[in-house]
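Pasting a structure below so you can have a look.
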Amino acid sequence: MRLNYTFPNIPHLKDFSFEVENINDKLRTTVRGGWGFKALLSGPFLKLYFAYFNRNDVKPVMLRQDGNIYSLYVPPIPSQAHVHHMETVLRNWLFKETRPLAVTLAVTSRCQLNCVHCSAASAGPVGSDLSREEIGRIIRESVDLGVTNITFTGGEPLLRKDLEEMVSDVSEEEAVALVFTNALALDERRAASLKEAGLTAVFISLDSPDPEEHDRLRGRSGLFQTVREGVRNAIRAGLAVCLSTYATNESVRDKKLSKLTALAAEWGVHEISVFDVIPTGQLIQNEEFLLTAESHRAICKEAKELNRRYAGRLRIVTQSWTNTRNGMAILIGCLAGHLQFHITPDGEFTPCDFTPLSFGNVRSESIENLWRKVIEHSAYKRHCTKCRMQTASFREKYIRPIPVNANLPYSIATIDGLFDCRNQTMKNTGNQTS
C-alpha cells in the first residue's frame with residue numbers, strides 16, 4: 001500500500017508532500033516536495049520517525065488492507081488516520097504547539113466488579129452519565145483538536161447499550177476507536193457488532209496469568225476463563241486484542257510479564273499494555289505501592305527481551321518505557337496534559353485517567369477551552385519525562401491535599417486556592433516577624 005502524506009492545515013507545510021509505502025512489511029519513505037525551513041526539517045524528522053518501524057524488533061502485530069498495525073495505540077500505517085496523527089505530531093514537535101493525540105472517555109461509572117486497584121473509584125456519588133449526544137460532541141471536538149485515538153472506558157463501557165453508536169461516531173479516516181473491558185459482556189454477538197460499528201481493538205483487563213489470582217483481585221470467580229473466551233470472541237470477529245495489565249514490585253520480581261506473554265501468544269493476542277501500579281482511585285492513599293527505580297529498569301529490560309522473542313507475533317508496551325527518554329520514548333514521557341486527556345462518566349475533564357484532578361466539566365465548556373486550562377496550568381506547562389502521579393513533589397502539592405473520602409476527581413482550583421492561601425499566610429507571618 002502506498003499513501004501520500006500531506007498537511008494542508010499547517011501553513012508552513014501546505015506544499016510539503018511525504019510518501020509512505022509498505023513493501024513486505026517494511027516502510028519506504030520519500031519526500032516529494034516542500035519549501036522553507038520547516039519543510040526542510042519535516043523531511044528528516046519523518047524519515048527518523050518511520051525508520052523506527054523498520055527495526056528488526058518492531059514488526060506489525062496485525063496486517064490490514066488499510067495499513068499495518070504496529071501498536072494498537074497508533075492508527076494503521078499508512079492510513080488517512082495516521083496522516084492526521086502525524087499532523088498532530090508535527091505540530092507538537094516542530095511547531096511547539098501542545099495538542100492531544102488521545103482521549104480516554106469513560107462512558108459509564110457502572111461496573112459488575114469491585115477491583116481492589118480500581119482507578120475509577122470515587123468515595124461518593126457521581127452525576128449522570130454523559131448522553132449519547134454529549135459524547136458525539138466530545139468526539140468531534142477532540143478530533144478537531146488533533147486526537148487520533150479515542151478510547152472508551154468506564155466503569156464497564158459494554159454496559160452502555162448505545163456503545164456501538166458512539167464507536168460509529170469515530171471516523172476511521174480520522175482516528176482509531178478502542179474499548180477497555182473486563183470481558184464479562186464480550187460475547188460473540190457483541191464482539192461482532194462492535195467490529196461492524198468500526199471498532200479497531202479491545203483492551204481486555206488481565207491482572208495475572210494465574211487464574212485464581214486474577215479472580216481474587218477482581219472479586220469474581222471464573223473471570224479468568226471469561227477473559228479467555230472474550231479474547232477468542234474478539235479475534236473471531238476480526239478485532240485486534242490487547243491484554244491490559246499492571247506492574248507491581250512483586251510481579252516484576254516474579255517475572256509475571258514473561259508468563260503473561262507466553263499465555264497471550266498462545267491465545268493469539270496482538271499486544272500487551274503494562275501500566276505501572278499508581279496510587280489513585282481505590283489506592284490513592286497507598287503510595288507504598290509505587291514502583292522502585294529498580295523495578296522500572298527490570299520491567300523495561302524484561303519487555304525488551306520479550307519484544308525481541310515475540311517480534312511479529314505480539315508486542316509489549318510498558319508505561320515504564322515511556323518514561324525512559326530512550327528512542328521514541330523521548331517523544332512521550334508523561335502523557336497527562338501533554339498527549340492525552342480524560343473525561344469521567346459525568347463529564348469532568350482531567351489530565352489523564354490516573355490523575356484525580358478536575359479542570360472543569362464538558363457540559364459547560366468546550367474541549368478546546370478545557371485543554372487550554374490544563375496546558376496553561378503551572379503543573380502542566382512543561383513536558384515532563386516522568387509520570388507526574390509517580391513523582392513525590394507533584395503528589396505532595398496536588399494529591400495529598402485531597403481530603404480522605406473526597407469525591408474524585410477533585411477540583412484543582414480548590415487545591416490551588418489552598419496553596420495560595422498557605423503562601424499568603426506564610427508571607428504575612430514573615431512580615432510580622434520582621
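Quick one: count up the residues across the range 274-317 that are outside any helix (DSSP H, G or I) and farther than 19 Å from Ala392 by Cα.
Within the range 274-317, the subset outside any helix (DSSP H, G or I) is 274-280, 284-286, 290-292, 310-317.
Remaining after also requiring farther than 19 Å from Ala392 by Cα: 274, 310-317.
Total meeting the criteria: 9.
Please go through the range 288-310 and give me each residue that is in contact with a helix residue (DSSP H, G or I) (Cβ under 9 Å, 6 or more places away or on another chain) and open to solvent by 50 Å² or more (accessible area, probe 1.4 Å), ordered by number.
Passing the criteria: Phe289, Thr292, Glu294, Arg297, Lys304, Glu305, Arg309.
Are there any pairs with C-beta distances below 7 angstrom linking a residue in the range 229-251 that is touching a residue at least 24 places away in the same chain (Cβ under 8 Å) to a residue that is of a type in the set (Phe, Trp, Tyr), with the two at least 6 apart or on different chains, and if so which?
Val231/Trp267; Cys242/Phe203; Ser244/Phe180; Ser244/Phe203; Tyr246/Phe275; Thr248/Phe289
Here's something else I'd like to know. Counting only residues that are within 22 Å of Asp144 (Cα to Cα), give me the strands (runs of 3 or more DSSP E) lying completely in the range 15-106 with at least 1 of them.
On the way: elements: 17-23, 26-33, 102-106.
Ranges flagged: 17-23, 102-106.
Within the range 248-264, restricting attention to residues that are crowded, with 18+ Cβ neighbours inside 10 Å and among the small types (Gly, Ala, Ser), which residue is nearest to Thr292 (Cα to Cα)?
If we take residues in the range 248-264 being crowded, with 18+ Cβ neighbours inside 10 Å and among the small types (Gly, Ala, Ser), then Ser251 is nearest to Thr292 (Cα to Cα).
Does the range 120-128 contain any residue that is in a helix (DSSP H, G or I) and open to solvent by 10 Å² or more (accessible area, probe 1.4 Å)? Steps first, answer last, please.
Of all residues in the range 120-128, those in a helix (DSSP H, G or I) come to none.
Looking through the range 120-128, none of the residues is in a helix (DSSP H, G or I) and open to solvent by 10 Å² or more (accessible area, probe 1.4 Å).
Follow-up. Among the residues of the range 7-26, write down those that are buried (at least 18 other Cβ atoms within 10 Å of the Cβ) and farther than 15 Å from Leu41 by Cβ. Walk me through how you get there before you give the answer.
So in the range 7-26, the residues buried (at least 18 other Cβ atoms within 10 Å of the Cβ) come out as 7, 10, 12-13, 16, 18, 20, 22.
Hits for the range 7-26 are Val20, Asn22.
Sticking with this structure for a sec: Could you run through the range 318-335 and say how many residues are outside any loop (DSSP other than H, G, I, E, B), out of contact with any helix residue (DSSP H, G or I) (no Cβ under 6 Å at 6 or more places or on another chain) and at pLDDT below 80? So that I can check it myself, show each step before the final result.
Pass one, the range 318-335, residues outside any loop (DSSP other than H, G, I, E, B): 318-322, 327-331.
If we keep only those that are out of contact with any helix residue (DSSP H, G or I) (no Cβ under 6 Å at 6 or more places or on another chain) as well, we get 319, 327, 330-331.
Then drop every residue that is not at pLDDT below 80, which leaves 327, 330-331.
Residues meeting the conditions: 3.
Right, next: Might you let me know whether the range 192-203 holds any residue that is open to solvent by 10 Å² or more (accessible area, probe 1.4 Å), touching a Gly at 6+ places or on another chain (Cβ under 9 Å) and among the small types (Gly, Ala, Ser)?
Yes, some residue in the range 192-203 is open to solvent by 10 Å² or more (accessible area, probe 1.4 Å), touching a Gly at 6+ places or on another chain (Cβ under 9 Å) and among the small types (Gly, Ala, Ser).
A follow-up question, please. Considering only residues that are surrounded by fewer than 18 Cβ atoms within 10 Å (Cβ to Cβ) and touching a helix residue (DSSP H, G or I) at 6+ places or on another chain (Cβ under 8 Å), which ones fall in the range 396-415?
Answer for the range 396-415, where residues must be surrounded by fewer than 18 Cβ atoms within 10 Å (Cβ to Cβ) and touching a helix residue (DSSP H, G or I) at 6+ places or on another chain (Cβ under 8 Å): Lys397, Pro401.
The values are calculated or read from the model by the stated rules, or taken from the named source; none is laboratory data. Remember, it's a predicted structure, so these values are computed and weren't measured experimentally. Glycine also receives a Cβ, built like all others from the backbone with ideal geometry; neighbour counts cover every protein chain displayed. These accessible areas exclude ligands, DNA and RNA; they are computed on the full protein's heavy atoms, side chains included. Shrake-Rupley method; radii C 1.70, N 1.55, O 1.52, S 1.80 Å.
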